[in-house]
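Report on the structure given below.
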Amino acid sequence: MKYSRLLKIAARLIGIIIFIYILIGIDIQSMIVTSFSIPPFITIILILTVIPIMVLRGVRWQVVSEGLDLNLKTMESTEALCIAQLANLVIPGNFGDLIRIPYMKHRGNQVDKSIISILLDSILGAVVPFTFGIIAIAIILEFSITIELLIIGTIWITGGYGFYRIMRATLWPKFMQARINRLMKEGIRGRAFFTLPSMLKSIGSTRIVLSLALALLLFVIYVTQAYILAYALGISIEWMYLAFTLGFTTIILVIPVTIQGLGLRESVLLFMLTRIAVDPVLIISFSLILMTINLTPAIAGFIIWLRNPFVDITDQEILDAEVSLLPEQLLGGET
């Protein structure tokens, strides 16, 4: 087994270890009883809210993709996101979203533009929760109102640069490899050397604004879903504080050291919610139920994948192979 492969496996264990440590410190029996105390109709409502979340995510990605002249219908984008949820069960740091690359390629789309669409979708989708997360940090550190805007702006820029570096380390190398492969196949012509700024320009300000609006609507629905769950568990919390908490959680979950944020999510929620005197048992129940509900698309993703198993969703190396085609294969006419 390769050394890098061992590191990937080890990374997935960090969050699990943190999660086990957290469970040792709480009453597990009380947590289980609390988790099953939610009325069935509330559970149904929570599950139903997943539908607009996934569809709106699909629409947001479709808006970006159409700006790049990619062929992607709303149903297809939603299907791909469900399959990505399934892949995220075994790939840490939400990198299972990379499954969308071979999904797009399998449907005849250009790999380089497909990667750019996923990159832009990730960036635009992160703006709203990232902003709420930065405000949460400001609240935690109790910044003075006289310098609050300056410090929040600085943290936002610094955090944005960190997010940019993560994108550069994951999607960008794949994009550049696909770009080089395409040049070797088609030659230098037309928009061969398009850049990220030129792609933003080609998408247009209207689509960018629409994507940000959809991202805001998605975040509102997600927070409302969590707020309903908190109410069902008897957790007294303001909607806005919960929004800041979930935004902060989103930032932390970018760190690829666990599966589905397990361990990291609970740590952040414990840190934020114990500040307002919420029982740790309720916090862990809240976290696990919220995670479970939002994993329901993975079931749909499994059914979709069984219908057309275009790639091994459990193997991240397959994703690399789908993007980094050998030059000999390209020269041989493989598409």
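The values are calculated or read from the model by the stated rules, or taken from the named source; none is laboratory data. Just so it is clear, the model here is predicted, and its values are computed rather than measured. Methodologically, a virtual Cβ is constructed for each residue, glycine included, from the backbone with ideal geometry; neighbour enumeration extends over all protein chains shown.
Can you tell me how many residues within the range 182-221 are surrounded by fewer than 16 Cβ atoms within 10 Å (Cβ to Cβ), modelled with pLDDT of 75 or more and farther than 24 Å from Thr250 by Cα?
Of the residues in the range 182-221, 3 are surrounded by fewer than 16 Cβ atoms within 10 Å (Cβ to Cβ), modelled with pLDDT of 75 or more and farther than 24 Å from Thr250 by Cα.
Just wondering, is there one or more residues in the range 32-39 that are more than 28 Å from Ile228 (Cα to Cα), at pLDDT below 90 and either of a type in the set (S, T, N, Q) or part of a helix (DSSP H, G or I) (or both)? So that I can check it myself, show each step before the final result.
First, pick out the residues of the range 32-39 that are more than 28 Å from Ile228 (Cα to Cα): none.
No; the residues of the range 32-39 include none that is more than 28 Å from Ile228 (Cα to Cα), at pLDDT below 90 and either of a type in the set (S, T, N, Q) or part of a helix (DSSP H, G or I) (or both).
Of the conditions (1) surrounded by 18 or more Cβ atoms within 10 Å (Cβ to Cβ); (2) polar (S, T, N, Q); (3) in contact with a Ser or Thr (Cβ under 8 Å, 6 or more places away or on another chain), Gln260 clears all except one; give me its number.
(3)
Restricting to the range 243-262, name every residue that is in a helix (DSSP H, G or I) and among the hydrophobic types (A, V, I, L, M, F, W, C).
Start the filter on the range 243-262 by keeping residues that are in a helix (DSSP H, G or I), which leaves 243-252.
Selection gives Ala243, Phe244, Leu246, Phe248, Ile251, Ile252.
Check whether at least one residue in the range 31-39 is under 26 Å from Thr250 (Cβ atoms) and without any contact (Cβ under 8 Å) to a residue 60 or more places away in the chain, and report yes or no. Full working, then the answer.
Of the residues in the range 31-39, the ones under 26 Å from Thr250 (Cβ atoms) are 31, 34-35, 38.
When the remaining residues are screened for being without any contact (Cβ under 8 Å) to a residue 60 or more places away in the chain, the result is none.
No, the range 31-39 contains no residue that is under 26 Å from Thr250 (Cβ atoms) and without any contact (Cβ under 8 Å) to a residue 60 or more places away in the chain.
Residues being in contact with a Gly (Cβ under 8 Å, 6 or more places away or on another chain), crowded, with 19+ Cβ neighbours inside 10 Å and assigned to a helix (DSSP H, G or I): count how many of those fall in the range 263-281. Explain how you work it out, then say what you get.
At the first step, the residues of the range 263-281 found to be in contact with a Gly (Cβ under 8 Å, 6 or more places away or on another chain) are 263-264, 280.
When the remaining residues are screened for being crowded, with 19+ Cβ neighbours inside 10 Å, the result is 263-264.
If we keep only those that are assigned to a helix (DSSP H, G or I) as well, we get 264.
Residues meeting the conditions: 1.
Looking at the range 73-93, which of the residues that are among the β-branched types (Val, Ile, Thr) and outside any helix (DSSP H, G or I) is farthest from Asn109 (Cα to Cα)?
Going through the range 73-93, the residues among the β-branched types (Val, Ile, Thr) turn out to be 74, 78, 83, 90-91.
Cutting the leftovers down to outside any helix (DSSP H, G or I) gives us 90-91.
Values: Val90: 26, Ile91: 24 Å.
If we take residues in the range 73-93 being among the β-branched types (Val, Ile, Thr) and outside any helix (DSSP H, G or I), then Val90 is farthest from Asn109 (Cα to Cα).
Six or more apart or on different chains, Cβ under 8 Å: which pairs go from a residue in the range 116-136 that's surrounded by 20 or more Cβ atoms within 10 Å (Cβ to Cβ) to one that's modelled with pLDDT of 85 or more and not in a helix (DSSP H, G or I)? Could you list them?
Ser117/Leu70; Ser117/Leu72
Tell me yes or no: at least one residue of the range 233-242 is at pLDDT 90 or above, closer than 24 Å to Phe41 by Cα and part of a helix (DSSP H, G or I).
Yes, the conditions are met somewhere in the range 233-242.
Just to check your reading of the model, which residue among Ile44, Ile53, Ile83 is over 13 Å from Leu218 (Cβ atoms) and buried (at least 16 other Cβ atoms within 10 Å of the Cβ)?
Selected residue: Ile83, the only one of Ile44, Ile53, Ile83 that is over 13 Å from Leu218 (Cβ atoms) and buried (at least 16 other Cβ atoms within 10 Å of the Cβ).
Out of everything in the range 56-71 that is buried (at least 18 other Cβ atoms within 10 Å of the Cβ) and without any contact (Cβ under 8 Å) to a residue 40 or more places away in the chain, what residue ends up being nearest to Gly204 (Cα to Cα)?
Gln62
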